[in-house]
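The values are calculated or read from the model by the stated rules, or taken from the named source; none is laboratory data. Since the structure is predicted, the reported quantities are computational estimates derived from the model, not experimental observations. Cβ placement follows ideal geometry from the backbone for every residue including glycine, while neighbour counts extend to all protein chains displayed.
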Amino acid sequence: MLDIRFIREHADQVQEVARHKGIEVSIPELLAVDNERRRLLLEVEGLRMQRNTLSQAMPELAKQGKKDEMEAKKAEVRAVNARLTELEAELLTVEAAYRELMLLVPNIISPDTPVGGSDEENVEVRRVGELPVFDFEIRDHVTLGEMHRLFDLPRGVKVGGSRNYYMTGIGVFLHRAVQQLALDVLAGRGFTAMDVPLMVREEMMTNTGFFPSGREQTYELPRDEKWLVGTSEVALVSYYSGETVDVSEPIRLAGVSNCFRREAGSAGRDTRGLYRVHQFAKVEQVVICKNDPDESERLLQEITQNAEDLLQLLEVPYRVVAVCTGDIGQGVYKKYDIETWMPSRESYGETNSASNLWEFQARRSNIRYRDEQGTLQYCHTLNNTAVATPRILIPLLENHQREDGSIYIPVALRPYMNGMEEIRPE
RNA sequence: GGAGAGGUACCGAAGUGGUCAUAACGGGGCGGUCUUGAAAACCGUUAGGGGGCAACCCCACGCAGGUUCGAAUCCUGUCCUCUCCGCCA
């Protein structure tokens, strides 16, 4: 959410951003509704003042026994109330429309965000790591997984429907090892580990910016009016919702959670293997800091670096791309995706996504701090994947495979794999 | 799931239909006086949302409604917390 005053003063700029982000919202319409809202507010508040003044005179009249005058004033208030009831109903309608529009307004974007229509126009920032050269016919992660019984896709589909899987045997250990490694690395860098609620109120989905736009992507539990989170970011940011926080040092959180995504509208895309599934596990970084563009930019670099360091520990090649306007999302001010080399796809695939939301979430969630002057300010919030699995197992298995089908286990993972150095065919 | 109690500022808590919400009282925090320093004592302070050019006004007693000229106070619903019972990893 943006400050309505900012929108009034930068209407054209905001409309332009909406166009770039592909969000259908009319700023002129919003401003018209806003004007109507303020006009009604003025009138309603005036009537309320009348009512208050008249009512407050009652005790005095009662004391003096002026019954007729009291009755006259009562009638007057009733008249005021009648008018008020009408206007308040009108105001309620207008405010609902106002809120609905406000929730659609996109965040502005950083000056260095590339302009583009889709992920095709994201701009590569850097490549790290050598692409592996195989002098044999490579196996994709599905084949490798079947070979070593790391997961079971057909039975996942039998039991859970499409895009479901079982992790099995050593696969489970790998699945957990990458998470534990990520958690340990982050804990060592000042992050507080958090295991979070996965079922949350609708309000939290809206506050964090996933609703209204992402409703279709989210699993609902209608009986209990809860929603299954697609990322622990929802619960991590909402942890502080409505609070005044101390951000003299940035708040660094590392969330551990399962994530649930309906993947509506992606039917037929990435159907093979573990790339796009309905349920996965993720260690997520969330940072909450001062309303200071320099500081949040530094922190964006920091959480991006954390993810890169993890990929380097996993010894897989990756690249960082600056996400363009068309792919950046409604609430995001600036975003880097990290894409990891997936040999079977012969391309880099997204494994991490680092966002600076500026005030967008903090405004919706009402997360503030007191600055040096003692004034309440909205925080900046940021997030980035540390590791999402099983997707990360795709590059891990495929890049580290050998001709005989065995798989090299990176040194950093071995402590979490009971010292295992490679996965050998049975 | 059943029965009961309760949600008021940083915390505890008073207020049970009318200038009582920059909200009694107590505690805590911060600043000061005193002191070699500290403690104690005393003094001060502790900043919500919105509208309006402004004067100023409206809203805020968990949240949403209702009754009333007027609601922290009465009624209904709802969320949450606590106690007891039941069930349970």
Inset, instruction - Sort out for me the strands (runs of 3 or more DSSP E) sitting completely within the range A:220-296 that have 3 or more residues that are surrounded by fewer than 23 Cβ atoms within 10 Å (Cβ to Cβ). - result: A:251-260, A:279-289
Inset, instruction - Could you please find all residues in the range A:56-92 being surrounded by fewer than 13 Cβ atoms within 10 Å (Cβ to Cβ) and either within 30 Å of residue A:21 (Cα to Cα) or within 37 Å of the chain's Cα centre (by Cα) (or both)? - result: A:89, A:92
Legend entry - Top-ranked residue of the range A:36-48 - restricted to ones that are near RNA strand B (Cβ under 7 Å from one of its atoms) and more than 16 Å from residue A:85 (Cβ to Cβ), ranked as surrounded by the most Cβ atoms within 10 Å (Cβ to Cβ): A:38
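Look at residue A:113 and say whether it is surrounded by 13 or more Cβ atoms within 10 Å (Cβ to Cβ), outside the structural domain of residue A:304 (by TED's automatic domain parsing) and more than 16 Å from RNA strand B (Cβ to nearest atom). If you could, list the steps in order and put the result at the bottom.
Working: surrounded by 13 or more Cβ atoms within 10 Å (Cβ to Cβ): yes; outside the structural domain of residue A:304 (by TED's automatic domain parsing): yes; more than 16 Å from RNA strand B (Cβ to nearest atom): yes.
So residue A:113 fits the description; yes.
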Inset, instruction - Taking residue A:53 as meeting all but one of (1) among the polar types (S, T, N, Q); (2) surrounded by 14 or more Cβ atoms within 10 Å (Cβ to Cβ); (3) within 8 Å of RNA strand B (Cβ to nearest atom), write down the number of the exception. - result: (2)
Legend entry - Condition met for residue A:33 (surrounded by 15 or more Cβ atoms within 10 Å (Cβ to Cβ), β-branched (Val, Ile, Thr), within 12 Å of RNA strand B (Cβ to nearest atom) and touching a residue at least 12 places away in the same chain (Cβ under 8 Å)): no
Inset, instruction - Please verify whether the range A:392-415 includes one or more residues that are farther than 30 Å from residue A:3 by Cα, away from RNA strand B (no atom under 16 Å from the Cβ), surrounded by fewer than 17 Cβ atoms within 10 Å (Cβ to Cβ) and among the aliphatic types (A, V, I, L, M). - result: yes
Inset, instruction - Restricting attention to the range A:158-217, report how many residues are among the polar types (S, T, N, Q) and either farther than 24 Å from residue A:286 by Cα or assigned to a loop (DSSP other than H, G, I, E, B) (or both). - result: 5
Inset, instruction - May I ask you to list pairs of residues, at least six apart or on different chains, whose Cβ atoms are under 8 Å apart, with the first in the range A:64-78 being in the same structural domain as residue A:51 (by TED's automatic domain parsing) and the second being charged (D, E, K, R) and assigned to a helix (DSSP H, G or I)? - result: A:77/A:51
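When you scan the range A:333-351, do you find a residue that is within 30 Å of residue A:15 (Cα to Cα), assigned by TED's automatic domain parsing to the domain that holds residue A:131 and of a type in the set (S, T, N, Q), even just one?
Let us first name the residues in the range A:333-351 that are within 30 Å of residue A:15 (Cα to Cα), namely A:333-338, A:350.
Remaining after also requiring assigned by TED's automatic domain parsing to the domain that holds residue A:131: A:333-338, A:350.
Restricting the remaining residues to those that are of a type in the set (S, T, N, Q) gives none.
Scanning the range A:333-351, I find no residue that is within 30 Å of residue A:15 (Cα to Cα), assigned by TED's automatic domain parsing to the domain that holds residue A:131 and of a type in the set (S, T, N, Q), so the answer is no.
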